[in-house]
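Data block below; observations after.
The values are calculated or read from the model by the stated rules, or taken from the named source; none is laboratory data. As the structure is a prediction and not an experimental result, all values here were calculated from the model. Please note: Cβ atoms are built from the backbone with ideal geometry, for glycine as well, and neighbour counts cover all protein chains shown. Surface accessibility is based on the protein's heavy atoms, side chains included, excluding ligands, DNA and RNA. Shrake-Rupley method; radii C 1.70, N 1.55, O 1.52, S 1.80 Å.
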Amino acid sequence: MDSDQSDHGAAVEVAIVGSGYAGLCMGIKLRERGIADFVILEQNVEFGGTWRVNSYPGAACDIPSHLYSFSFAQNADWSRKFPRQPELLAYAEDIVRRYRLAPHLRLGHGLLAADYDEARGRWRLRTAHGELSARNLVLATGGLSRAALPALPGLDSFAGKVFHSARWDHGYDLRGKRVAVIGTGASAIQFVPEIAPLVAQLDLYQRTAPWVLPRPDRAITAAERWLLRRLPPLRKLYRLLTYVQYESRYLVFAGPSWLAGVAARLGRRHLRRQLPHDAALRARLAPSYRPGCKRMLLSNDYYPALARANVGLHTCGIAAVRPRGIAGADGVERAVDAIIFATGFDVEHALGAVAVRGRGGALLADAARGGLAAYKGATVPGFPNMYMIAGPNTGLGHNSMIYMIESGVRYAVEAVLARRRAGWRALEVRDDVCRQYNQRLQARFKGTAWASGCRSWYLASGGRNSALWPGFTFEYRRITRRFDAPAYLATSAHLEEGHRAL
């Protein structure tokens, strides 16, 4: 045990913040390597992360089921090729049961503040249920955890219902209501077709048209599930083939320009086939930027939903919100009973109001201004013994985040074990190493779709892409396979404070 008595409540070796797939994976891998002294802090009263919170109608993943699951806990019984939210949440619940993680979960223990104690080499954590200290702090909240809400003039005066798609109000009955949906990202294209038949009027406000491709979804037959269950090698082969198929999509974003042209032709053909009789609507839904510059979406029912008589697409922008409606920039005020924001997430300020203070009281929020620069998406100079899973520049536009999560977890666990074996008080990535790593990483965006000029949530306020990994996923797996101690400053438990040695 590395935990010791603390003046700040209970003491543990590892505190994991977030109970989504990343947090659960970290807990599992710690246990496998003999570390059972950890807690998983969750601000909500139930665990599950993204797939607990995002429960809007039609919520689903755009990565195939057999790839969007842990390699060490494959599921042969997915009901569809592309998993929907209830099934993804059920998978997380099964993981907690199977790997006996419930005793480690601290539900309703949202992190309020974290301060690094240099003298002890421990993190002092303040949660909604009291204080504790941890030798290692693991942030597994991900970048898509803080809902982004635009500052619309007059929103506070609106007399109707307002909520974000990531905080869906299932107690509010949309039937017969006049609804305004603001945003046309991944959540909107899933829930708009679900609610359009229920509402009296749906006004969709679009700033930029997304690229939408066909969604090759289907039910997985009972015979297929039987084969995958009875033949584990077949299950592994199917997963591998799916991985290779999706990994090759990276070339659309960073390969020869003609491949982006192929994706554009597929998108335009999909638009024509789904809206064959409305050229004016098609013109407003036609993207004007390179495919992949923004997130590419999959849907077979989004375009038909916009052709409904009770659905209006507005590209004029919003001038102001009124008590009973929305005034468009076109001078027309439209009556509204409810406003639903489908405006995505604030990646740059993912931790929100949580004050994480590292060495010398440095705030992580200050380091994140303009886009947080981390080493291998995991560690930040000035924040010893702190690791991030699915941190900066680990997001994907082409493959499964579960693959990236497993890679990041392996790296963090190896770091925790290296510090433990050597008896070091603290490990902190060297500033020069982190800076050089990020210079090389940012240079790789040049010439890719992500740097082709459009505005997207991938870019921080200063224009830096701090969200995406600019390479193949197997490259990230390679650089995180082993913990590289020479890239770190190690503080010996036996040296006076201020002395550091490798």
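Side notes on the structure shown:
- By the beta carbon rule, with partners counted only under 4.7 Å, the chain holds these lone Cys residues: Cys25, Cys61, Cys316, Cys434.
- Structural descriptor for region 12-141: relative contact order 35 percent, calculated from alpha carbon pairs under 8 angstrom and at least 6 residues apart.
- Counting only DSSP beta bridges with both residues in the chain, the antiparallel share comes to about 40 percent.
- Here is the P(r) of region 254-367: all C-alpha pair distances, binned every 10 Å from 0, give 10, 26, 27, 21, 12, 3, 0 in whole percents.
- Residues in the chain average 43 Å² of solvent-accessible surface per residue, probe 1.4 Å, ligands and nucleic acids excluded.
- Fraction of accessible area attributable to carbon and sulfur, region 138-221 (%, probe 1.4 Å): 54
- Per-residue ³J(HN,Hα) for region 178-188, Karplus 6.51 cos²θ - 1.76 cosθ + 1.60, θ = phi - 60°, Hz, x for Gly and Pro: 9, 10, 10, 10, 10, x, 10, x, 4, 6, 4
- Under 19 Å from Lys236, Cα to Cα: aspartates and glutamates that are on another chain or at least 8 residues apart: Asp77, Glu224, Glu247, Glu406
- Helix 257-274 vs. the chain, principal-axis angle (Cα, 0 to 90°, nearest 10): 50
- Carbon/sulfur fraction of accessible area - region 352-406, other protein chains in place, 1.4 Å, %: 53
- Across region 392-409, computed HN-Hα scalar couplings (Karplus, 6.51 cos²θ - 1.76 cosθ + 1.60, θ = phi - 60°) run x, 6, 10, x, 10, x, 9, 9, 7, 5, 5, 4, 5, 4, 4, 5, x, 5 Hz from first to last residue, x flagging Gly and Pro.
- Based on DSSP H segments of at least four residues, each scored -39500 (n - 2.57), the chain has a per-residue ellipticity at 222 nm of -8500 deg cm²/dmol.
- Folded to 0 to 90 degrees: helix 232-247 orientation relative to the chain principal axis, Cα: 70
- Taking a straight Cα-Cα cut-off under 21 Å and skipping sequence neighbours fewer than 8 places away in the same chain, the lysines within cross-link reach of Lys446 are Lys294, Lys376.
- Accessible area (Å², 1.4 Å probe, nearest 10) - Glu87: 50
- Remark: region 147-154, residue by residue, has Karplus-estimated 3J(HN,Hα) of 4, 9, 10, x, 8, 7, x, x Hz, where x stands for each Gly or Pro and the curve is 6.51 cos²θ - 1.76 cosθ + 1.60 at θ = phi - 60°.
- Note: region 384-502, Cα convex hull, 110 Å³ per residue.
- Highest-first arrangement of 214-221, 313-320, where packing means the average Cβ count within 10 Å: 313-320, 214-221
- Heavy-atom accessible area for Lys81, with the other protein chains in place and a 1.4 Å probe, reaches approximately 50 Å².
- Amide H within-cut-off set for Val356, under 5 Å, with H built and near neighbours excluded: Ala114, Leu364, Ala365
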